[in-house]
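This report refers to the structure that appears directly beneath it.
The values are calculated or read from the model by the stated rules, or taken from the named source; none is laboratory data. In this text the structure is predicted, and so the values were computed from the model without any measurement. Counting neighbours? That spans all protein chains shown, and the Cβs are built from the backbone with ideal geometry, glycine included. Protein only, heavy atoms only, side chains kept; ligands, DNA and RNA dropped before computing areas. Shrake-Rupley method; radii C 1.70, N 1.55, O 1.52, S 1.80 Å.
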Amino acid sequence: MKTHLLLPLLALVAAPAAWSAIGQSAPLPPEHVEFFEKKIRPVLVDKCYSCHAENSDKIKGGLVLDTREGIRRGGDNGPAIVPGDLQQSLLIEAIRYANSDTAMPPKKDGGKLPDQVIQDFEKWVQMGAPDPRDGASKAVAKDDAKAREWWSFQAPKKTAVPAVKDGAWPKNDLDRFVLAGLEAKGLRPVADADKLTLLRRVYFDLTGLPPSFADIEAFVNDKAPDAFAKVVDRLLAAPQFGERWGRHWLDVARYAESSGKESNIAYPHAWRYRDYVIAAFNADKPYDQFLREQIAGDLLPAKNDQQRAAQLIATGYLALGAKSQNEQNGRQFAMDVADEQIDALSQGVLGITVACARCHDHKFDPISQREYYALAGIFLSTETRYGTAGALQNRHPTPLVELPPGSGLATVARALTSTERTRKMDQLEELKKERDGLLAERAGLRRAGKADDNDQRNRQRGLQLIALIGALEAELASVNSAGDPKLLAMGVQDRPAEEAGGMFSRRMREAGRRFAGGREAFTTITDSPLFARGEVDKPGEKVPRGFVQVLSAAEAPPIAPGTSGRRELAEWITAPGNPLTTRVMANRVWHWLFGRGIVESVDNFGTTGRTPSNPALLDHLALRFQEKGWSVKTLIREIVLSRTYQLGSGFDEKNFTTDPENTLVWRANQRRLDAECVRDAMLAVSGDLQVQPPVGSPIAVVGDGPVGGPRGRGINDTLIQAETVNRSVYLPIVRDALPEMLGLFDFAETSLVTGARETTNVPSQALFLLNSEFAADRAGRFAARVLAGYPVGPNGGFQALLPERINYAYWLAYSRPPTEGERAAALSFFSKFPANYQPGATDARPAIKNAATVEAAWTSFCRALFASAEFRYLN
């Protein structure tokens with residue numbers, strides 16, 4: 001289909017002026033502050049400040065790196081950092097060791113930084129070098145007593161529902177809190193949204209899909225006062241609700257199907273956690289139970305195999321994070337995994353950045369380094385089973401969690417015949433013998449003080465053997481003695497009190513260490529040392545496992561001896577006295593329904609985050625959430641049935657002048673649909689959407705291996721794109737290799753907690769909707785659906801049905817009829833295709849060359865509807 005056919009339709013699809021974003025200065029996004037505090041500042045302090053700080057005895061090269069002004073001004077040779085420009089940033093050149101004269105840090109201070117640290121600095125510059133340091137180079141002053149008075153560290157307060165002047169406007173108490181905030185500023189909400197706008201809004205918000213033509217007709221014709229409530233109840237009960245709201249949580253849970261970072265090894269069993277989350281939202285599992293299962297499901301009692309399996313799968317939450325699996329130092333790897341888990345849990349559930357205290361006391365919040373390592377001990381006492389086999393680039397293989405066979409879950413794993421299993425077991429024994437022989441030979445050479453070429457060859461062969469043995473062990477571990485596939489999942493379990501044996505035994509890990517130069521650590525339940533400046537080679541006293549005291553309204557639960565403490569952690573997080581858990585989730589729900597949280601920094605309720613625009617409303621929602629049994633569906637229902645949710649998006653000059661960012665919610669925010677909604681809507685409108693969920697994931701079919709490998713040996717580009725007609729929540733989500741459409745439309749950053757996605761409106765998105773094969777296929781199918789809906793009868797020509805077809809296309813795409821102007825423009829467009837009016841007849845009127853067919857004209861028209869701003873925005 002030729003793109004030039006779309007040009008006559010541009011008048012139909014122009015974006016309203018109100019949809020243009022207005023740039024303005026704002027505080028640094030919380031995730032940027034966190035990135036600097038975790039990845040950049042500790043390295044500067046450790047490696048640079050001794051020579052490049054204002055309080056240094058002698059500032060070398062005139063370069064000061066302990067202030068934002070200093071690092072950008074630079075020294076004698078120019079600016080150390082030019083935000084967004086790697087080539088002009090001299091600091092990047094120095095840490096890359098690209099120039100021996102300027103290479104930093106010097107060899108006497110440890111030499112070149114690790115590759116991952118260099119990549120962090122490069123990413124920081126590309127982000128614009130966000131730097132929260134302001135003023136002189138001194139540690140951020142923090143009054144702990146004052147910080148403990150911060151609003152989010154206080155328990156939610158139950159306040160009386162406010163009286164309002166316009167008593168007829170509110171539909172529920174939520175509306176009264178909103179209206180009171182508006183009236184205090186002398187403002188009034190705008191008019192309500194019309195029925196069609198409201199219906200499209202609630203369908204996308206609750207299911208991520210547009211309403212069908214039949215759904216629209218039924219709602220328009222239902223004159224009952226509870227017509228909208230009936231729609232809401234039906235959507236909350238639909239299986240598509242869990243797919244939509246489960247995807248929201250997967251953003252928070254940093255869900256992905258590979259490890260990311262330098263090795264990027266596949267996680268073939270991640271999909272089970274995805275399905276668990278979807279099922280939990282559909283079942284309206286109480287949020288406190290949902291959290292307890294993800295933190296400590298393996299430690300909770302279960303009534304049957306099905307519940308036991310679900311709880312084990314839930315702990316995949318802790319195993320899903322990005323990992324540097326090529327890290328040689330086992331202690332460093334274990335600490336990095338624990339740090340990632342602390343970060344995911346503290347931000348995702350509590351909305352605070354506990355992980356910022358790894359290297360020093362938190363610079364902004366009352367969280368000490370000691371408290372960080374109290375939490376770290378809990379996760380270091382936990383074995384994280386992400387299930388990747390040993391290989392050259394994967395020095396940290398783990399088994400998976402085995403699920404009860406009676407749970408009735410599906411699997412995509414392949415069975416082994418008895419002959420295959422026997423052959424693989426024999427092969428495994430032969431490889432182990434060869435490995436042991438090489439180990440003995442290397443040990444002999446070392447005792448003799450020799451290190452010849454043969455020793456090096458043995459090392460390389462040893463690394464190959466580690467990979468071969470790891471792959472075979474993983475394959476054999478995935479089947480039972482009869483060769484039938486086991487039910488496996490990613491997850492966690494407590495480490496043993498003493499070293500245990502098994503296939504992934506200490507002997508195997510020791511073999512990997514000796515060949516790869518790694519070092520094992522943290523194999524049993526233990527308290528964590530307090531590592532000076534976060535450096536694993538500088539352990540101090542051990543810190544008893546425990547929790548963050550500022551969030552403990554009562555005495556924290558004691559951790560049972562011989563256990564990790566995860567169960568107690570789960571109970572502490574979901575305790576009624578915890579001031580953050582319900583607030584953070586209530587705020588997330590508000591953000592997902594309105595496009596902006598009551599607290600705008602949805603992942604940061606600490607002192608560097610935003611304060612709530614309506615504190616009383618937030619506390620009201622948080623307490624209601626808890627009182628109603630932690631039911632997410634009940635909370636959503638209360639919000640969407642409010643008059644506040646049902647407002648229109650009209651403009652009011654007085655309101656805008658007083659509250660331009662709409663923080664008080666005087667109108668509905670116009671929101672761009674996220675990547676999944678745009679893709680799924682195209683599939684739904686074209687009639688191609690497969691609503692039946694698939695089993696597993698394309699990643700699961702391929703199995704363990706590196707991303708980017710050749711076909712059959714790794715996760716390749718063809719597999720990653722996976723252009724199926726399933727809902728987008730079931731697409732393969734591989735770190736650093738997303739399906740094209742998801743990446744273009746601002747998909748979540750899969751290595752971070754993402755409570756609020758970025759939203760852009762850029763040319764590459766429009767080009768994709770105009771030129772991609774996916775868009776062309778969907779437009780063609782959309783056109784065929786319209787033509788089939790109004791076929792030409794034996795006594796009627798095309799012209800007689802043209803208005804009906806145009807109407808039908810608009811109803812399908814936008815959930816509304818065309819305006820008179822749109823209808824006239826469409827008729828004018830189709831007049832350029834004479835074959836549409838009198839098939840087979842000659843006509844001298846102008847026609848676009850090579851496109852005078854019904855199918856071509858309608859495909860072009862439907863693609864223009866897809867490419868419009870209205871298709872991808874909600875009013």
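Measure nothing fancy, just the Cα-based angle from helix 271-282's long axis to the longest principal axis of the chain, in degrees from 0 to 90, nearest 10. Tilt relative to the chain: about 50 degrees. Measuring with a 1.4 angstrom probe and ignoring ligands and nucleic acids, Met741 comes out at about 10 Å² accessible. Taking only protein heavy atoms and a 1.4 Å probe, the accessible area of segment 618-705 is 49% carbon and sulfur.
Surface calculation, 1.4 Å probe, protein heavy atoms: Trp630 sits at approximately 20 Å² accessible. Taking the 1.4 Å solvent-accessible surface of segment 357-397 as the whole, the part contributed by carbon and sulfur is 51%.
Just the accessible area per residue of segment 372-464, please: how many Å² with a 1.4 Å probe?
50
In sequence order, segment 404-411 has phi-based couplings of x, x, x, 7, x, 7, 7, 9 Hz under the Karplus curve 6.51 cos²θ - 1.76 cosθ + 1.60, θ = phi - 60°, and Gly or Pro positions carry x.
Please list, or write none, the aspartates and glutamates whose alpha carbon is within less than 12 Å of the alpha carbon of Lys60, excluding same-chain residues fewer than 8 places away. Filter leaves Asp76. Projecting the Cα positions of His396, Val354, Thr422 onto the charge dipole of segment 337-429 (unit charges on Cβ atoms of Lys, Arg, Asp and Glu, taken about the Cα centre) puts Thr422 furthest along the positive direction. For the Cα atoms of the chain, what angle does the longest principal axis make with the long axis of helix 798-814, in degrees from 0 to 90, nearest 10? That works out to roughly 40 degrees.
Skip the ligands, DNA and RNA, and give the accessible area per residue of segment 147-205 with a 1.4 Å probe, whole Å².
Dividing the accessible area of segment 147-205 by its residue count gives 48 Å².
Less than 5 angstrom separates the built amide H of Gln493 from those of Glu383, Arg385, all sequence-distant by 5 or more or on a different chain. Using alpha carbons only, how many degrees (0 to 90, rounded to 10) separate the axis of helix 581-594 from the longest principal axis of the chain? The helix 581-594 is inclined about 30 degrees to the chain. The heavy atoms of Lys628 present about 100 square angstrom of accessible area, all protein chains included, probe 1.4 Å.
Go through 636-648, 296-308, 600-612 and give me the packing order, highest mean Cβ count within 10 Å leading.
Details: 636-648: 20.4, 296-308: 17.1, 600-612: 22.4.
Highest to lowest by the protection proxy: 600-612, 636-648, 296-308.
When the helices of the chain are scored as -39500 (n - 2.57) per DSSP H run of n ≥ 4 and the total is divided over every residue, the value at 222 nm lands at -13000 deg cm²/dmol. A simple spin-label model places the labels of Glu535 and Glu740 4.8 nm from each other, with each point 7 Å out along Cα-to-Cβ.
Cross-link reach is defined here as a Cα-Cα straight distance under 30 Å, omitting same-chain residues fewer than 8 places apart; for Lys157 the lysines meeting it are Lys142, Lys146, Lys165, Lys171, Lys185, Lys285, Lys363, Lys628, Lys633.
Near Glu340, once Lys and Arg are set to +1 and Asp and Glu to -1 for all other residues with Cβ below 12 Å from its Cβ, the sum equals +2. In a simple Cβ point-charge model (Lys, Arg +1; Asp, Glu -1; nothing else charged), the chain has a dipole of about 440 debye relative to its Cα centre. A Förster radius of 35 Å combined with the Cβ-Cβ distance from Ser764 to Arg73 puts the calculated FRET efficiency at roughly 0.50.
Quick check on packing: order 114-122, 752-760 by the mean number of other C-beta atoms within 10 Å, highest mean leading.
Working: 114-122: 15.4, 752-760: 18.4.
The packing order, highest mean first, is 752-760, 114-122.
The label point for Asp436 and the one for Glu217, both projected 7 Å from the Cα toward the Cβ, are 7.5 nm apart.
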